[in-house]
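Trainee: Quick one: the structure is below, and I'll ask about it shortly.
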């Protein structure tokens with residue numbers, strides 16, 4: 001087992017890098033729901049953390065079992081992320097513009113939307129399975145746990161920041177949240193082209 005400082009440091013940095021998309025979506029969720037309760041905040045951050053843990057593990061399993069199939073799928077990852085985040089962001093944007101005159105609070109992010117957000121922001125983490133392909137099962141599991149833990153704390157912070165800004169932005173929060181999600185989807189797509 002390779003339990004060195006660099007193992008932990010590299011996986012924590014990997015977690016920070018992978019969590020940036022989820023952080024932005026968490027920020028948008030906080031903007032969209034400025035009165036989000038602490039239990040819901042933990043749930044949202046937990047869903048993102050679970051996906052960021054699971055996707056590298058799935059990628060690691062694919063490396064050892066079905067590499068050629070994953071390689072074919074890999075080129076579609078940016079398209080899938082763009083479509084999912086574009087759909088969710090577009091829906092938030094549409095509802096924000098439609099309800100702008102009405103001073104009612106935006107609807108809470110439901111579990112189905114949260115699930116789609118989790119998939120969209122973590123699907124690129126499947127490729128992390130390739131970078132940890134030489135790890136044992138225990139090392140891959142610990143790497144996934146570190147990535148998930150880092151994601152949880154980063155996403156929770158994003159929600160807190162979004163909630164504070166959302167209270168100040170009131171009616172514009174849904175619009176801003178939708179724009180953020182669309183920009184994230186475009187950024188993931190463009191990054192794949194470079």
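The values are calculated or read from the model by the stated rules, or taken from the named source; none is laboratory data. Quick caveat, the model's predicted, so the values are computed rather than measured. Cβ coordinates were reconstructed from backbone atoms using ideal geometry, including for glycine residues, and neighbour counts include every protein chain displayed.
Trainee: Regarding segment 93-108, can at least one residue be identified that is at pLDDT below 70, at positive phi and surrounded by fewer than 19 Cβ atoms within 10 Å (Cβ to Cβ)?
Mentor: No, segment 93-108 contains no residue that is at pLDDT below 70, at positive phi and surrounded by fewer than 19 Cβ atoms within 10 Å (Cβ to Cβ).
Trainee: Among the residues that make up segment 34-41, is at least one of them surrounded by fewer than 20 Cβ atoms within 10 Å (Cβ to Cβ) and either in contact with a helix residue (DSSP H, G or I) (Cβ under 7 Å, 6 or more places away or on another chain) or at positive phi (or both)?
Mentor: So far as segment 34-41 goes, yes, one or more of its residues are surrounded by fewer than 20 Cβ atoms within 10 Å (Cβ to Cβ) and either in contact with a helix residue (DSSP H, G or I) (Cβ under 7 Å, 6 or more places away or on another chain) or at positive phi (or both).
Trainee: Within segment 59-82, how many residues turn out to be out of contact with any helix residue (DSSP H, G or I) (no Cβ under 6 Å at 6 or more places or on another chain) and either modelled with pLDDT of 75 or more or closer than 19 Å to residue 11 by Cα (or both)?
Mentor: Residues that pass the stated criteria total 2.
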